[in-house]
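Have a look at the structure below before the remarks.
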Amino acid sequence: GGLMVNVLYAAPYAAPAPDSFRRWAGVTHRWTAWDGTVWDLSDVEGGVFLLNDGLEGLGMPDIVNYTHSSPVVHGEAWDGWLATGRKVFWTVAVFHDTTSTGWVERHRAFWKTMRPGKTGVWSVELPTGEKFSLTLRFKGHGDHSYTNDPVERGWEVYGVELFPEQPFWEATPVVQSWGAEAKTPFLGTEDVGPPFFVSPATTIGTAKVTNPGDVESYIRWTVTGPTETVTVGIGGENTVIPFRVPDQQRLV
C-alpha cells in the first residue's frame with residue numbers, strides 16, 4: 001500500500017507596526033532609563049513607540065492657589081501658589097516584526113526600565129533645537145487587559161502612568177564663568193619693569209546671569225583653586241568662602 005502525507009502550510013510570523021500609528025514629525029522623545037538604556041520613543045522601527053493619542057505631561061503642572069477671606073471684605077486675598085505635581089501618561093506600543101522570542105525580549109527589556117524605586121529621564125527635543133527633560137518614576141499601568149495574544153501577534157499597546165518629584169520641565173543649564181583679579185605679576189618676580197597683572201574680561205564683580213525659564217532657579221557655584229578667599233553672589237546676596245581652595249581642587 002501507499003503512504004499519504006498531509007502537509008500543512010502556515011503563513012510565516014509577521015508583526016508589522018500598525019499603520020494607524022501616527023509618527024512624530026517635529027518632536028523627538030527619548031527615555032533614558034535607570035539601567036543606562038536609551039529608548040527613542042519617536043522611532044516606529046525601534047520597537048517601542050510613544051503614540052500621539054492620550055499623551056499627558058507636556059503642559060503645565062498641577063497648581064494649587066492659596067487664598068484667605070475675611071467676613072468684612074468682599075472676595076478672596078491671594079497668598080501664593082504651589083506646583084503640587086504633574087500627571088504623566090504615555091500610550092506606548094511594544095512590537096517586534098521578526099519573531100515571537102524577539103517580542104518577548106524587547107517587552108521584558110522595556111518593562112525593566114519601569115522598576116519602582118528607580119528614576120528615568122524623559123527628554124524632548126523641538127525642531128528649534130531646544131531640549132527639555134523631566135525626571136520620572138513609574139506609578140502604574142492601570143488594569144491592563146489582553147484581548148489578543150501579544151506574543152503571537154507581535155505587538156501590544158500599554159498605558160503607562162509616571163510622576164515627577166520635581167514637576168517643572170528642565171532646559172539646558174545656563175553656564176557662565178568668571179575669573180578673579182590676578183595676584184601674581186605677569187612678568188614674574190624679576191625686576192624687569194613695573195608690576196603687570198592680567199585681568200580677565202569679566203570678573204565676579206560684574207557677574208550677571210539670565211534665567212530664560214519661567215520659574216525661579218537655584219544657582220550652583222563651582223570655585224576652582226587656587227584661591228585664598230572668595231565671595232560669590234548675585235544681586236547683593238553674597239556668600240563668603242573664608243578658606244583656601246587648593247590648586248586643581250573644586251568647591252561646589
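Around SER123, what is the net charge, scoring Lys/Arg as +1 and Asp/Glu as -1 over all other residues with Cβ under 13 Å from its Cβ? After counting each charged neighbour, the total is -2. Near the amide H of THR227, within less than 5 Å, lie the amide hydrogens of VAL245, all on another chain or at least 5 residues away, with H placed in the peptide plane. Based on the alpha carbons, how large is the Rg to Rh ratio for the range 49-125 when Rh follows Kirkwood? Looking at the range 49-125, the ratio lands at 1.27. Each of VAL215, THR229, PRO246 was placed along the dipole of the range 207-252 (beta-carbon charges, centred on the mean Cα), and the one lying farthest toward the positive end is PRO246. Calculate the FRET efficiency for THR147 and VAL252 from the Cβ-Cβ distance with a Förster distance of 45 Å, rounded to the nearest 0.05. After rounding, the FRET efficiency stands at 0.25. A cut-off under 12 angstrom between Cβ atoms defines the neighbours of THR84, and their net charge, with Lys, Arg +1 and Asp, Glu -1, is 0.
May I ask you to give the average projected area over all directions of the convex hull of the Cα atoms of the range 211-252, in nm² rounded to one decimal? Can you show the working numbers first?
On the way: hull surface 14.1 nm².
Result: 3.5 nm².
In straight-distance terms, cross-link reach from LYS139 covers every one of the lysines whose alpha-carbon lies under 28 Å from its own, apart from those fewer than eight places away in the same chain; here that gives LYS87, LYS112, LYS118, LYS131.
Take the Cβ atoms of ARG115 and GLU161, set R0 to 22 Å, and the FRET efficiency comes out at 0.90.
Throughout, read-outs are computed from the coordinates displayed, never taken from laboratory work. If you're wondering where the values come from, they're calculated on a predicted model, not measured in any experiment. No Cβ is skipped: glycine too gets one built from the backbone with ideal geometry, and neighbour counts run over all protein chains shown.
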